[in-house]
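Accompanying notes for the structure given below.
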Amino acid sequence: MDKRYWVGFTLVKGIGAVRFQALRDHFGDLSLAWQAPPDALRAAGLGAKVIERLLQVRADVDLDRLVERITQQGIKILTWEEDAYPALLREIDQPPPVLYVRGDLTEEDAWAVAIVGTRRVTAYGRQVTEELAAFLAQNGVTVVSGLARGVDAVAHQAALRAGGRTIAVLGCGVDRIYPPEHAALAEKIIHAGALVSDYAPGTPPEAANFPPRNRIISGLALATVVVEAGETSGALITAQFAADQGREVFAVPGNILAPQSKGANALIAQGARPLLSPRDLLEALNLNRVNEQRAVRKAVPGDEVEAALLNVLGPEPLHLDEIRQQTGLPIERVSASLVMMELKGLARQVGGNHYVAVREERPEYKV
């Protein structure tokens with residue numbers, strides 16, 4: 001894969017996931033799209049302003065030198081076609097075509113929770129954030145946040161102190177730390193997680209960049225927790241993205257007289273789950289056996305029965321008898337395999353002998 005053109009298109013304002021995919025569909029190859037004349041770009045659905053910006057970037061940027069400079073900075077370029085692209089993020093509507101990463105994204109990050117909130121955190125909010133992030137880290141759950149002042153920074157710091165992993169999603173290039181006083185924190189995150197952005201290196205921290213990046217914070221996580229948030233807090237945007245993505249939203253109840261709690265309390269009134277204990281989060285997301293699931297995944301290989309079950313199971317609950325009928329397998333083998341698959345985190349019983357798949361996007365299994 002030639003990543004030069006992937007990088008090139010991320011430099012063009014107005015070309016996001018939808019237009020990016022449209023270009024690929026129209027030209028069949030990004031190199032052809034990059035070199036296409038204006039008439040062909042119009043035929044692919046680009047407007048006059050976007051075409052003008054693309055032509056300007058093509059004239060100004062040497063993609064070979066740019067990619068070389070990015071890699072020399074220790075920045076990884078990750079496209080949505082690669083296996084290393086985060087599976088949770090790939091599931092959202094319009095995932096970013098390219099991620100820039102300093103540090104490492106690992107399989108462990110499939111178990112992740114986002115913690116977000118106000119920059120003007122209170123002593124109460126700080127205590128809750130510290131306890132929650134530390135608890136998650138100690139239980140093998142990656143903490144995702146935005147490196148902002150307040151709740152975000154407290155969450156990252158607490159996860160690091162607990163020896164856990166944490167991911168910071170930036171509203172600028174991963175080579176431009178914002179706020180600047182978090183440079184030391186960012187370096188620690190690089191060694192115990194990753195800095196992530198869909199903005200090309202060198203992109204400044206402009207105000208318009210931050211709301212869109214919140215969809216990545218929620219997209220990397222199984223759930224989003226809003227600790228404290230004012231009525232117009234960016235954390236509420238993250239919560240909305242999480243809800244739109246079909247992810248769980250939790251909010252920490254707060255003082256009804258405190259401005260920092262108005263947003264979180266409003267989320268609860270609108271249907272978000274009130275978070276009364278960190279353990280409630282683990283149980284709600286079936287994360288209370290994360291370390292056990294990881295150990296079993298490594299220790300026990302899949303077999304033909306497991307592969308057959310994975311091809312039958314989906315997001316809709318399926319009764320044990322229906323699973324047996326569709327696979328043609330003996331009921332005792334189906335039951336035993338489902339128990340093991342629950343331990344691996346590949347399947348979950350949702351009541352009344354009904355099961356659903358819990359899996360990353362993967363190809364059809366062969367039996």
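Of all alpha-carbon pairs in segment 138-271, indicate the percentage at a distance above 21 angstrom. Counting pairs separated by more than 21 Å, the tail of P(r) holds 40 percent. Here's the list of aspartates and glutamates a cross-link from Lys262 could span, going by alpha-carbon distance under 20 Å and ignoring same-chain residues fewer than 8 apart: Asp152, Glu228, Glu231, Glu248. With neighbours defined as other Cβ atoms within 10 Å of a residue's Cβ, the residues His182, His26, His156 order from fewest to most as His26, His182, His156.
All of the numbers you see were taken from the coordinates with simple rules; none came from a lab. Keep in mind the model is a prediction, meaning the values are calculated, not measured. Note: ideal-geometry Cβ built from the backbone for every residue, glycine included; neighbour counts use all protein chains shown.
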